[in-house]
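Structure, as structure tokens:
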Amino acid sequence: MRPLRLLIALACAAIAATTGSAAAHAAPQTPPPCVTPDGTDLNQLYGIEQRIVGPSTCREVRAGERWVMVGSPWITAADAADAVYPDGYVPQLPDPIEDFNAKFTGARYVVDAGTPHERVVTAGREVLLTGFVGADGLPFSAFPSPVLKPVRPGEHTFAVYLTLSAQHCDGLGTVIEANCIPAGESQWVPDLPFQAVPKYGVPVRP
């Protein structure tokens, strides 16, 4: 009886070890953080758990992973006292960043524009993140996309559009083209490339 019991015990142990190994192998990998060229961890800054696509250092996702699109933030003068504006422009609110936040009505996020696989996600004010101050002392607001569906392996593009209720100027200069955003929808991030690579554990075809 002892040899039989020993064989059964060994078999059960082997099954348990195999199951545990498979479960560990199948466990989802934590996406690496998106770190900008200046060393800022955008996942930490914005509280995003998914992989980020946006800055030049963050242009890769895994096929099958959900992800988030992030464009450059909008930066303004520190306050009304420091703000300078183009002739004729009058902000609705004294502080430039608050003026931007009040006029921001939403954003549109486009994947693979102009292709049969084009996807468009539109969001409202709920995507606006504010209250940030850069190392230079200037406040900024950001507008990451909602969590987006996975894309297939291969080359893709992304773009971001902003919509404001009225013209806004950042208070950092007097050139309308460089310092202001018009009312309505404006393209904030042009079509930029990113890549989706195969899932973890999936062999790459030669």
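Hey, can you tell me all the residues within region 73-91 that are small (Gly, Ala, Ser) and more than 12 Å from GLY173 (Cβ to Cβ)? Correct list: ALA78, ALA80, ALA81, GLY88. Could you go through region 83-101 and let me know if any residue there is of a type in the set (Phe, Trp, Tyr), in contact with a strand residue (DSSP E or B) (Cβ under 6 Å, 6 or more places away or on another chain) and within 30 Å of GLY64 (Cβ to Cβ). Taking every residue of region 83-101 in turn, none turns out to be of a type in the set (Phe, Trp, Tyr), in contact with a strand residue (DSSP E or B) (Cβ under 6 Å, 6 or more places away or on another chain) and within 30 Å of GLY64 (Cβ to Cβ). Close Cβ contacts (under 6 Å, 6 or more residues apart or on different chains) running from residues in region 178-191 that are of a type in the set (D, E, K, R) to residues that are part of a strand (DSSP E or B) comprise GLU185/TYR161; GLU185/THR163; ASP191/THR157; ASP191/ALA159.
Quick one: would you say VAL189 is surrounded by 14 or more Cβ atoms within 10 Å (Cβ to Cβ), in the same structural domain as TYR85 (by TED's automatic domain parsing), within 18 Å of the chain's Cα centre (by Cα) and within 13 Å of PRO73 (Cα to Cα)? So VAL189 passes the test. Selection of region 53-103 for residues being hydrophobic (A, V, I, L, M, F, W, C), more than 30 Å from PRO198 (Cα to Cα) and assigned to a loop (DSSP other than H, G, I, E, B) yields ALA77, ALA78, ALA80, ALA81, ALA83, VAL90, LEU93.
The values are calculated or read from the model by the stated rules, or taken from the named source; none is laboratory data. It should be emphasised that the depicted structure is a prediction, and the values quoted were computed from it without experimental measurement. Here the Cβ is made from the backbone with ideal geometry for all residues, glycine too, and neighbour counts use every protein chain on show.
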